[in-house]
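The values are calculated or read from the model by the stated rules, or taken from the named source; none is laboratory data. Quick caveat: nothing in here was measured; it's all calculated off a predicted structure. Neighbour counts are summed over all protein chains in view; Cβ atoms, including those assigned to glycine, are modelled from backbone coordinates with ideal geometry. Just so you know, the surface numbers come from the protein's heavy atoms only, side chains and all, with ligands and any DNA or RNA stripped out. Shrake-Rupley method; radii C 1.70, N 1.55, O 1.52, S 1.80 Å.
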Amino acid sequence: MLDLAGLAYTGSNHIASAVAMDKDLSKRLFRSADVPTPDWLMAPSTSDTVQGTLGWPVVVKPNKQGSTVGLSVVREPTQLQAAMDYALRYDTEVVLERFVEGREFTVGVLDGAALPVGEIITSGEVFDYQSKYQIGGAREVFPADISALDSELIQTYALRAHAVLKLGAYSRIDFRRDAEGHFWCLEANSLPGMTATSLLPQSAKAAGIGFPELLDRICRSALKTR
């Protein structure tokens, strides 16, 4: 509607945002840009297929949903159907993705540059809804305690993911690193949280960009686009 009206707005356009929200489509594009992402299947799928293709455990989640709503970590075949049924309460499509055990990282992108890498430390297996939105639900460290080489690599992946999805002035790309040290891209956020304590503003702060300046730059980018 804003495009049709010729009005400026912040964030990515509706096409890029829709593709980023669609996990199946975005993962296909990640791979086309040489961004590693965990193997996945689309439901319906049998436990035998999951066993032979992905192995256990797997993450079962709605294909087009955010904030980890409807997500389950399935560790054995008997749990699979219930997890798919649960995810189907929130979407008509369900993704089954190989679970990556390890540390969780996030990279903000602003005006074509990658911001400092952050690490998300939670008490649970995943950065779930409660961890994201309850006070004290997770500890977020900016910049992350990783080597300069690892930081540069994950930032490169983030920029590739941002570019291949044709995202706008800013985004946030989420990753996990497994026990062997390999990074895996989980998803891209075309409109990440923008409170002063959200992940992208924390990443910008680590780069010396205060919250007012961050908002100003985002708004100026939107005006420049129009």
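Values for this structure:
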item	result
Acute angle (nearest 10 degrees) that the helix 148-164 long axis makes with the longest principal axis of the chain, alpha-carbon atoms	90 degrees
Per residue accessible area in Å² of the chain, where ligands, DNA and RNA are left out and the probe is 1.4 Å	50 Å²
Ratio Rg/Rh [Cα only; Rh per Kirkwood] for the stretch 134-226	0.97
Percentage relative contact order, the chain, counting C-alpha pairs under 8 Å, at least six apart	25 percent
Angle between the chain longest axis and helix 23-32 axis [Cα atoms, degrees, rounded to 10]	70 degrees
Cα-based helix-to-principal-axis angle, 211-225 vs the chain, degrees rounded to 10	90 degrees
³J(HN,Hα), Karplus 6.51/-1.76/1.60, whole Hz, each residue of the stretch 171-186, x for Gly, Pro	6, 9, 10, 9, 9, 10, 10, 7, 5, 7, x, 7, 8, 10, 7, 8
Tensor-based shape of the stretch 18-102 (alpha-carbon gyration tensor, a/c under 1.5 rounded, otherwise prolate or oblate)	oblate
Length-normalised contact order of the stretch 1-109 in % [C-alpha pairs under 8 Å, at least 6 apart]	27 percent
Once exposed loop GluC sites (Glu not before Pro) are cut out (DSSP; at most 15 other Cβ, 10 Å), longest piece of the chain	1-92
Ratio Rg/Rh [Cα only; Rh per Kirkwood] for the chain	0.97
Accessible surface of the chain, 1.4 Å probe, proportion on carbon and sulfur as whole %	54 percent
Helix-derived mean residue ellipticity, 222 nm - over the chain, DSSP H n ≥ 4, -39500 (n - 2.57), to 500	-10500 deg cm²/dmol
Above-threshold pairs, the threshold being 23 Å between Cα atoms, out of Lys166/Lys224; Lys23/Lys166; Lys23/Lys224; Lys23/Lys205; Lys64/Lys205	Lys23/Lys224; Lys23/Lys205; Lys64/Lys205
With all protein chains modelled, accessible area of Arg75 [1.4 Å, Å²]	110 Å²
Point-to-point label distance, Ser147-Trp56, nm (Cα→Cβ direction, 7 Å offset)	3.5 nm
Gaussian network model of the chain, Cα within-10 Å springs - most flexible of Pro212, Pro57, Pro116	Pro212
